[in-house]
1. With labels modelled as points extended 7 Å from the Cα through the Cβ direction, what inter-label distance (nm, one decimal) is found for B:N207 paired with B:S2?
2. Between the label point of A:D58 and that of the same position in each other copy, find the distances and list them shortest first in nm, with every label point placed 7 Å from Cα along the Cα-to-C-beta direction.
3. Using the Cβ atoms and a cut-off under 14 Å, what net charge is assigned to the surroundings of B:K53, where Lys and Arg are +1 and Asp and Glu are -1?
4. Once you list every other residue whose beta carbon is under 11 Å from the beta carbon of B:L105, what net charge do they have if Lys and Arg are +1 and Asp and Glu are -1?
5. Cα extents of segment B:4-212 along the three principal axes, largest first, in whole Å?
6. Given a 10 angstrom Cα cut-off, can you work out which residue in A:N207, A:N56, A:N148 is the most mobile in a GNM of chain A?
7. Working from the alpha-carbon coordinates of segment B:53-115, get Rg over Rh, Rh being the Kirkwood radius.
8. Nearest 10 degrees, 0 to 90: what angle lies between the long axis of helix A:100-115 and the longest principal axis of chain A (Cα atoms)?
Number of protein chains: 2
Amino acid sequence: MSKKAVVIMSGGMDSSLVCSKMIDDAYEIIAVHFNYDQRTQDKELECFNSICKHYNIDKTYVIDLDFFKQLGANALTDRSIDVPTSGVEEGVPVTYVPFRNGIFLSLAASIAEKEGAEVLAIGVVQEDSSGYPDCRDSFIKSMEKSINLGTKDETSIEIKMPLVHLSKAQIVSEAIKLKTPLELTWSCYQNEDKACGVCDSCRLRLNGFKIAGVKDPIIYEN
Amino acid sequence: MSKKAVVIMSGGMDSSLVCSKMIDDAYEIIAVHFNYDQRTQDKELECFNSICKHYNIDKTYVIDLDFFKQLGANALTDRSIDVPTSGVEEGVPVTYVPFRNGIFLSLAASIAEKEGAEVLAIGVVQEDSSGYPDCRDSFIKSMEKSINLGTKDETSIEIKMPLVHLSKAQIVSEAIKLKTPLELTWSCYQNEDKACGVCDSCRLRLNGFKIAGVKDPIIYEN
């Protein structure tokens, strides 16, 4: 029986590379995607589906979480707060969704336990990810411990975060090496047709491609 | 400004006592309830609403989680698996929902961070709760650490679990002492009109009342 990995996949570049890496490591993939009423929800789901199709992944979970919409108070799900476009600033940005990765990991852990997966993989990037506290490796390691304490004794889940100490440029380079379908990925926080190029997520992505010396295959507004 | 506590309240006896205790400790209550397509969802929500009304709690979150239904594989949300009625057995029961309390705590932590609550309270009971791994105090303590690592640096959340080492009889006695409205609570896993009296949850509740020497105010089938 092949070893199974639950991979949290947003449809973005980072989690798509994680998927490529896990496939490269011979895991059978269980792909998990979250719709949480984020601004680019439809585009992200489309990209998730395209990437799963590209890799012939047939075990997928698409989880609808109305919760963050109900909670409000962040720029990704609350349409009354603008997504910043003037450059990446210090500190926790308004696009921070309270404990989002904690919630995603908890739900994915539940799936992993049910499916008998030994690995849960997430594409957090510590340094390059504009100050989100739930992208730190100390947090992810602690969640791994919590998940193993809070599931059955015979359940053992390792959380892999293979990108946590990479820069966006290294992510671009590795993705090209592993033939990750970057043209199918989406990173923009605010648009669904052409990427805006000026939100934090676009800026980090574009800068990564620039440093890696590669042209980004997706289309930008300007 | 009063100190705030997010209290996870199922509508059951344990979490209602937790609520009474937090009110007794002068916390302003933010009550959180989860609909997760459990068999007695409507009754539990009705009890939650009655208890909030009883205590004049006006800050409430009712979270709809389709997730466990989608996941299946447990007797509380999967109607193809019977709720056991022949007595509490050793080990993890089929009513175990994978990592349920981990998910509940993660969602409640997100609410606590947004609302600026310093406490998150949950009515887990370690010994008396028929073998659920996510009711152990070691797990809850670990989640507390994870939550504080995965939220903003200025966010500090203490998880209180005041019942964790109590027996059901002690819970009944304390609830009566604090005037918890036990007549408004529901514990049965399978019925919504009259409690069955024979599922694990009814058995543990009835046994608690018996040892405490008190009559349970809710109505049973037999």
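Only the coordinates and a few stated rules stand behind these numbers; no lab work does. The shown structure was predicted, so the numbers you read here are calculated from the model rather than taken from an experiment. With ideal geometry, Cβ positions are generated from the backbone for all residues, glycine too; neighbour counts draw on all protein chains shown.
1. Modelled inter-label distance: 3.7 nm.
2. 5.6
3. Once all neighbours under 14 Å are counted, the net charge is -2.
4. Neighbourhood net charge equals -1.
5. So the extents along the principal axes, rounded to whole Å, are 49, 39, 29.
6. A:N56
7. Using only Cα positions, Rg/Rh for segment B:53-115 is 1.08.
8. So the inclination is approximately 30 degrees.
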